[in-house]
Amino acid sequence: MATDSFLDQQIVLDHGTGARLSRELVEFMVGVLGDVYIGEMEDSAMLPVPAGNIAMTTDSFVVDPPFFGNGDIGKIAVCGTVNDLAVVGAEPLYLTLAMILETGLPIRRLHQALVSLRDTAKEAGVKIVAGDTKVVGPGEADGIFLNTTGIGVFHRAPKRMTDVRAGDRIVLSGPIGNHTVHLLSVREGLGFEKNVLSDCAPLNGMIDALEEAVPADAVRSMRDVTRGGLSAVLHEYAAALGRTLRIEDAALPVDFETRMAADMLGINPLNCANEGCLALFVDPDSVDSVLKTLRAHPYGERAVVIGEVTDRAVKAVELVGEDGKVSEIEELQGAELPRLC
């Protein structure tokens, strides 16, 4: 276990030279990660993978701010990668971890990120099998950047966007907008972060429970609602299917304080990034069983149907207002929001 004197130090350039300080830093990281890390310090990890197809994904995390009220970049890195594997129907097994650390980063902050990463990996049931650390000069990174690559294995047929059919219902596993509002509030000192928490969570356990409880084709496809928000997910599916997707404004799960903060900030919850929310495209005959299973899990207690895939052969996303009027949700050309992750 690291001593207080070590934790009170900061990252310096020599931590990235490959010499003694590098070794001590790596030993510190391995000690914090504990049995979540199963690497052997070889140049490559040698892993047993069950026979069959594998899934692989990679992601980089440049979260701003990297440490926030109920989470940090370490938790997001595991959740983001695990969720990307799980939504296509794979069982997440292994992660790699690459870290870019800025000179001057307090080692206590690094320790915090590693503890979150370790605890989230344990919850998700994944192991870290390889890693890399680089140190850059002041101003060359926002304290800490992470990259993870995930490997999973398929025990069932993959979930693809093109499996979605006209008439399928669109289900959200929980509220939208909380993660973005929480981070922006922390960044700007607005005070909303005390009541609006990030939804960051590993969702593979909830997805496993769902797959065990409903028929194999009940959930046609899934997507975690991250960067670009629900709007980006719906436009992606509309483009892939060549159909119009229609959602109900009154059905959208947006917490009161989140909506109030979004209005004050001039942002639309539909465009907000989330880190613990699924969009599911569900066979209409299975909607009740899907909702029942989702709501039985802590991360899906507020699951709700928000719309459907229409048979209109036009690539579009429509919003039905509370007054019954239908308007088109335009796809953003760029970013409505400043960078969060």
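The values are calculated or read from the model by the stated rules, or taken from the named source; none is laboratory data. Since this is a predicted model, take the numbers as computed values, not measurements. Please note: Cβ atoms are built from the backbone with ideal geometry, for glycine as well, and neighbour counts cover all protein chains shown. Side chains are part of the model used for accessible areas, which takes the heavy atoms of the whole protein and leaves out ligands, DNA and RNA. Shrake-Rupley method; radii C 1.70, N 1.55, O 1.52, S 1.80 Å.
Calculated accessible area for the chain comes out at 45 Å² per residue, all protein chains present (probe 1.4 Å; ligands, DNA, RNA ignored). Taking Ala77, Ala238, Ala213 as the candidate residues, the one with maximal mean-square fluctuation in a Gaussian network model of the chain, Cα springs under 10 Å, is Ala213.
Scalar couplings 3J(HN,Hα) for the stretch 231-246, obtained by applying the Karplus form with A = 6.51, B = -1.76, C = 1.60 to θ = phi - 60°, are 4, 5, 4, 5, 5, 5, 5, 4, 5, 5, 8, x, 10, 8, 9, 10 Hz; x denotes Gly and Pro. The candidates His182, His111, His155, arranged from most to least accessible area with a 1.4 Å probe in the full protein assembly, appear as His155, His111, His182.
The helix-based estimate of mean residue ellipticity at 222 nm for the chain, built from -39,500 (n - 2.57) per DSSP H run of four or more residues and divided by its residue count, is -9500 deg cm²/dmol to the nearest 500.
Once you have a ≥ b ≥ c as the square roots of the Cα gyration tensor eigenvalues for the stretch 161-328, tell me rounded if a/c is under 1.5, and otherwise prolate or oblate according to whether a/b is larger than b/c. Here the stretch 161-328 falls in the oblate category. Measure off, as a whole percent, the carbon and sulfur share of the 1.4 Å-probe accessible area of the stretch 4-154, all protein chains present. Its accessible area is 52 percent carbon and sulfur atoms. With R₀ fixed at 35 Å, the C-beta to C-beta distance from Asp132 to Ser5 puts the FRET efficiency at about 0.85. According to the calculation over all Cα-Cα pairs in the chain, the P(r) per 20 Å bin from zero is 30, 55, 15, 0 %.
Close amide H partners of Gly89, meaning residues 5 or more places away or on another chain with modelled amide H under 5 Å apart, are Lys159. For Asn274, nonlocal amide neighbours, meaning residues 5 or more places apart or on other chains whose placed amide H falls under 5 Å from its own, are Thr226, Arg227, Gly229.
For Tyr299, the solvent-accessible surface computed with a 1.4 Å probe is close to 80 Å², ligands and nucleic acids excluded. First measure r as the distance between the Cβ atoms of Glu24 and Ile54, then evaluate 1/(1 + (r/R0)^6) with R0 = 45 Å and state the FRET efficiency to the nearest 0.05. Here the calculated transfer efficiency is 0.80. Near the amide H of Tyr37, within less than 5 Å, lie the amide hydrogens of Ile128, all on another chain or at least 5 residues away, with H placed in the peptide plane. Pairs from the table (Lys134/Lys159; Lys127/Lys315; Lys75/Lys159; Lys127/Lys194; Lys159/Lys292) lying more than 30 angstrom apart at Cα are Lys134/Lys159; Lys127/Lys315; Lys127/Lys194.
Highest average first, the peptides 160-168, 223-231 ordered by how many other beta carbon atoms sit within 10 Å of their residues are 223-231, 160-168.
Across the protein chains, with a 1.4 Å probe defining accessible surface, the residues Lys315, Lys122 rank Lys315, Lys122 from largest area downward.
Taking the longest Cα principal axis of the chain as reference, the axis of helix 204-213 is set at about 40 degrees.
Per-residue extension of 0.36 nm, minus the Cα-Cα distance of Val314 and Ile38, leaves a gain of 94.4 nm for this segment. Axis of helix 107-124 versus longest Cα principal axis of the chain: the two differ by about 50°, to the nearest ten degrees.
Each of the peptides 322-328, 19-25 was scored by the mean count of other Cβ atoms within 10 Å over its residues; in descending order, highest first, they stand as 19-25, 322-328.
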